[in-house]
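Data block below; observations after.
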Amino acid sequence: MEAALLTLMFISFLCLSYNLLTVKDRRKSSISVRLEYIKNQDGHNEPADELSLSFKERVIKPMLDNIGKAMMKLAPREMISGLEEKITMAGRPNNWSVRNWLGFQAYLVFGLPALILVLFLQFRIDLKNLALFLPASVLIGLLFPNMVLNSRIRKRQAEVSKTLPDIMDLLTVSVEAGLTFDSALAKVVEKAPGGTLASEFETALQEIKVGKSKKEALYQMADRIGVQDFRSFVGAVIQADQLGVSLGNVLRIQSEQIRQNRKQRISEKAMKAPVKMLIPMVVFIFPSIFIVLLGPVVINLIEMFSK
């Protein structure tokens with residue numbers, strides 16, 4: 001009976017972790033799905049619409065949301081604001097809020113030690129090792145969500161750095177053709193849909209339309225992206241707008257500077273490559289070469305001295 005209960009708990013933990021880590025990002029939240037349903041239907045089949053949502057949207061996310069509510073009462077404000085900033089820079093993966101991430105972290109912090117404790121008690125493993133595994137599991141639960149967010153942030157910033165020169169060229173051509181800066185941003189959103197920069201430009205345009213100043217919208221967009229080249233571009237655009245300088249010339253200069261910075265980063269990575277290659281060579285290749293070259297000599301010496 002205890003073995004069956006342990007197996008059921010372990011399978012449930014694995015299934016829940018798999019759904020949390022492997023589910024793809026959804027562009028539509030549950031609220032947008034409901035609004036679309038109300039718009040297109042007469043509203044009599046609401047239970048069917050609820051059942052059409054994924055298991056994560058119906059069960060996992062509300063559970064983590066409830067756990068996160070309790071954690072937000074205990075967490076300091078600095079931690080919550082820092083986590084909110086990280087989630088924003090990561091592009092809000094899975095449409096999770098701060099409460100969802102805090103709930104996920106609490107689930108790992110308390111779930112992993114409980115699972116390890118049950119395994120130790122069930123299989124009667126030496127309890128001396130428990131003092132090592134329990135703190136390690138708590139540390140994993142604390143660090144793993146931050147590692148996921150940091151990985152998403154790096155991936156998003158790498159995508160922005162890669163596509164920024166081409167986007168800058170499109171902006172420059174659009175402005176020099178006679179479009180305003182807002183119209184040029186709309187042209188970028190139209191020509192490059194689905195990318196990180198295009199979605200951020202679309203968000204900034206929507207904020208400007210609802211009454212936010214261009215300066216505030218652009219600075220907030222730079223904070224959400226967190227790339228230094230993009231911050232320089234935003235600063236140059238705002239300064240040109242305030243001073244009345246030709247925006248086309250500013251964009252062309254910024255485009256050339258961004259491409260130059262990109263070439264310098266590529267050259268830096270190329271110069272670091274030989275140093276990074278030295279580690280696997282020393283660890284894996286050199287021992288094999290020594291074995292091939294010196295192995296027969298060592299065998300002959302052993303045979304000679306044994307006689």
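Here is how the numbers come out for the structure above:
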read-out: So Val227, is it loosely packed, with under 10 Cβ neighbours inside 10 Å, on the phi < 0 side of the Ramachandran plot and either modelled with pLDDT of 85 or more or β-branched (Val, Ile, Thr) (or both); value: no
read-out: Yes/no for Glu78 being closer than 30 Å to Glu200 by Cα, modelled with pLDDT of 80 or more, over 20 Å from the mean Cα position of the chain (by Cα) and not small (Gly, Ala, Ser); value: yes
read-out: Matching entry among Pro113, Pro135 (being outside the structural domain of Lys61 (by TED's automatic domain parsing) and within 28 Å of the chain's Cα centre (by Cα)); value: Pro135
read-out: Residue in segment 137-151 that is among the hydroxyl-bearing types (Ser, Thr, Tyr) and exposed (fewer than 13 other Cβ atoms within 10 Å of the Cβ) present; value: yes
read-out: Of all residues making up segment 248-293, the number that are within 30 Å of Leu179 (Cα to Cα) and more than 33 Å from the chain's Cα centre (by Cα); value: 2
read-out: Residues located in segment 183-241, provided they are in contact (Cβ under 8 Å) with a residue 60 or more places away in the chain and more than 25 Å from the chain's Cα centre (by Cα); value: Asp241
read-out: Output for segment 239-269, where each listed residue is farther than 21 Å from Lys162 by Cβ, surrounded by 17 or more Cβ atoms within 10 Å (Cβ to Cβ) and hydrophobic (A, V, I, L, M, F, W, C); value: Ala240, Leu247, Val250
read-out: Residue in segment 144-152 that is outside any helix (DSSP H, G or I) and of a type in the set (Lys, Arg) present; value: no
read-out: Yes/no for Lys269 being under 28 Å from Asp169 (Cα atoms), among the basic types (Lys, Arg), modelled with pLDDT of 85 or more and part of a loop (DSSP other than H, G, I, E, B); value: no
read-out: Residue list for segment 99-145, filter: without any contact (Cβ under 8 Å) to a residue 40 or more places away in the chain and touching an Asp or Glu at 6+ places or on another chain (Cβ under 8 Å); value: Arg99, Asn100
read-out: Ser255 modelled with pLDDT under 85 and among the polar types (S, T, N, Q); value: no
read-out: Selected residue (criterion: surrounded by the most Cβ atoms within 10 Å (Cβ to Cβ)) from residues of segment 169-224 that are out of contact with any helix residue (DSSP H, G or I) (no Cβ under 8 Å at 6 or more places or on another chain) and β-branched (Val, Ile, Thr); value: Val173
read-out: Condition met for Ile87 (over 30 Å from Val245 (Cα atoms), in a helix (DSSP H, G or I) and among the β-branched types (Val, Ile, Thr)); value: yes
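The values are calculated or read from the model by the stated rules, or taken from the named source; none is laboratory data. Keep in mind it's a predicted model, so treat the numbers as computed, not measured. In this analysis, Cβ positions are derived from the backbone assuming ideal geometry, glycine residues included, and neighbour counts consider all displayed protein chains.
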